[in-house]
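Peer 1: First, the structure itself, so that you have it in front of you.
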Ligand SMILES: CC(C)(COP(=O)(O)OP(=O)(O)OC[C@H]1O[C@@H](n2cnc3c(N)ncnc32)[C@H](O)[C@@H]1OP(=O)(O)O)[C@@H](O)C(=O)NCCC(=O)NCCS
């Protein structure tokens with residue numbers, strides 16, 4: 001990956017609106033309606049205990065990861081996507097690693113997430129970074145789409 005940077009989106013960022021618009025466009029393209037946060041993305045982001053990192057090439061958003069820490073014990077990866085034309089170049093891995101580091105600074109013990117088992121690239125990426133399958137959650141996304149719940153534990157001293 002060349003000429004890219006990792007950026008943390010803050011509510012007071014000058015380009016908040018433009019970045020959120022771009023992410024919502026990607027969200028609509030990548031995820032089916034019932035799985036997409038497109039409609040509620042801005043509200044989700046404004047919630048306390050929510051964070052978003054994105055990778056940027058030139059002025060463009062290449063990919064993003066959203067995470068939250070509902071309690072002091074665990075965090076969740078709530079979204080991860082890379083634009084089609086930037087896939088396979090390390091953005092997804094860099095984003096996930098950066099989100100894990102952010103979560104670690106909060107002293108939590110576990111990061112969990114849900115993923116459709118048919119999303120092979122995502123499954124491989126999560127396993128590569130140490131996530132393990134916890135259980136299959138039936139009808140998680142819709143009546144005919146299940147999810148694996150996955151988790152990554154770390155020691156906190
Ligand atoms: C999953 C996703 C974010 C990966 O992003 P990416 O930038 O293409 O991934 P990277 O280039 O960083 O690849 C990192 C690892 O992911 C896995 N991976 C990525 N693309 C893959 C593919 N096409 N097939 C199999 N594994 C793949 C590999 O383990 C890879 O490591 P390697 O290069 O050592 O083999 C991207 O494919 C995506 O946006 N998919 C659609 C949305 C999605 O499924 N999001 C997850 C929802 S839970």
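The values are calculated or read from the model by the stated rules, or taken from the named source; none is laboratory data. This structure is a prediction, so every number in the text was calculated from the model and none was measured. Here Cβ is always computed from backbone atoms with ideal geometry, including for glycine, and neighbour counts include all displayed protein chains.
Peer 1: Do we find a residue being more than 25 Å from residue 105 (Cβ to Cβ) and touching a strand residue (DSSP E or B) at 6+ places or on another chain (Cβ under 9 Å) anywhere in the range 34-48?
Peer 2: Looking through the range 34-48, at least one residue is more than 25 Å from residue 105 (Cβ to Cβ) and touching a strand residue (DSSP E or B) at 6+ places or on another chain (Cβ under 9 Å).
Peer 1: The conditions are (1) touching a helix residue (DSSP H, G or I) at 6+ places or on another chain (Cβ under 9 Å); (2) free of Cβ contacts under 8 Å to residues at least 40 places away in the same chain; (3) surrounded by fewer than 16 Cβ atoms within 10 Å (Cβ to Cβ), and residue 41 fails exactly one of them. Which is it?
Peer 2: (3)
Peer 1: All but one of (1) within 16 Å of the ligand (Cβ to nearest atom); (2) touching a strand residue (DSSP E or B) at 6+ places or on another chain (Cβ under 8 Å) hold for residue 19, so report the exception by its number.
Peer 2: (1)
Peer 1: Can you give me the number of residues within the range 131-144 that are in contact (Cβ under 8 Å) with a residue 40 or more places away in the chain and surrounded by 15 or more Cβ atoms within 10 Å (Cβ to Cβ)?
Peer 2: Residues meeting the conditions: 1.
Yes/no matrix, rows are residues, columns are (1) modelled with pLDDT of 95 or more; (2) closer than 28 Å to residue 155 by Cβ:
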{"position": "34", "(1), (2)": "no, no"}
{"position": "42", "(1), (2)": "no, no"}
{"position": "54", "(1), (2)": "yes, no"}
{"position": "99", "(1), (2)": "yes, yes"}
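Peer 1: All but one of (1) buried (at least 17 other Cβ atoms within 10 Å of the Cβ); (2) closer than 16 Å to residue 15 by Cβ hold for residue 66; which doesn't?
Peer 2: (2)
Peer 1: Next up: What are the pairs, 6+ residues apart or on separate chains, where a residue within the range 1-16 that is more than 26 Å from residue 89 (Cα to Cα) has its Cβ under 9 Å from a residue that is in a helix (DSSP H, G or I)?
Peer 2: Listed by first residue and then by second, the contacts come to 11/45; 11/46; 13/19.
Peer 1: Under the condition of being free of Cβ contacts under 8 Å to residues at least 24 places away in the same chain and more than 10 Å from the ligand (Cβ to nearest atom), which residue from the range 78-130 is surrounded by the fewest Cβ atoms within 10 Å (Cβ to Cβ)?
Peer 2: Per the stated criteria, the residue is 105.
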